[in-house]
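Some notes on the structure that comes next.
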Amino acid sequence: RKSHVFSKQLGWNESAERHRSSSSPKATAQHRDALRHRAAAEMTKVVRLGLYALLWLFALIVFAIAADQGKDADAISSSGRDASIFAGVVAWLFASGMLVVYALELMGKLSFPGIQRSIEVVMNGLLAFIFLVCSSVSASRLGDAATGGLRAMVAFGFISLFVDLALAALAYFAADDYQ
């Protein structure tokens, strides 16, 4: 049932396929290739939506732990804490916006040109760099007295770095799917 609905979304039906197959084999092969390309683009959007949901959650965790560590000033420097709060808030806001964009794109209510993908590559690259710096500074300040929360903040910061890199790569390599 789902494959039938997905085929309808892509503009495929059996009578149109029979009509095309009677006209020319080359046209049918081109049509099948176009459908495969569209299906791959839709699956890429679904994967990105899932990765943005992960980034949204991880950024929220990093922000919450860093904000909670204000009471424990000796465990981590205030600059590392402030940078982690900044990174968490900016990543959370960006991920929230991109979740809305991709949800609307999957519903067919919104379509962005290639400029949006360029912004996505730049922002995800910048967020990956910010998470790298923040997590490295926080990790260098951790000592034996570090709490589990601080260790989790560093771990989720590094995980967010890799999620951002994956999102930037997906946006960069799939940019021609949207033009």
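Looking only at region 128-139, decide whether some residue is over 15 Å from Leu55 (Cβ atoms), under 16 Å from the mean Cα position of the chain (by Cα) and either among the basic types (Lys, Arg) or part of a helix (DSSP H, G or I) (or both).
No, every residue in region 128-139 fails to be over 15 Å from Leu55 (Cβ atoms), under 16 Å from the mean Cα position of the chain (by Cα) and either among the basic types (Lys, Arg) or part of a helix (DSSP H, G or I) (or both).
Would you confirm whether or not region 16-39 contains a residue that is part of a loop (DSSP other than H, G, I, E, B) and modelled with pLDDT under 75?
Checking region 16-39: at least one residue is part of a loop (DSSP other than H, G, I, E, B) and modelled with pLDDT under 75.
Out of (1) open to solvent by 70 Å² or more (accessible area, probe 1.4 Å); (2) at pLDDT 85 or above, what's the single condition that is false for Asp74?
Single failed check for Asp74: (2).
The values are calculated or read from the model by the stated rules, or taken from the named source; none is laboratory data. All values reported here derive from a predicted model rather than from experimental measurement. As a convention, Cβ positions derive from the backbone with ideal geometry for all residues, glycine included, and neighbour counts pool all protein chains shown. Just the protein is used for accessible areas: all its heavy atoms, side chains included, with ligands, DNA and RNA removed. Shrake-Rupley method; radii C 1.70, N 1.55, O 1.52, S 1.80 Å.
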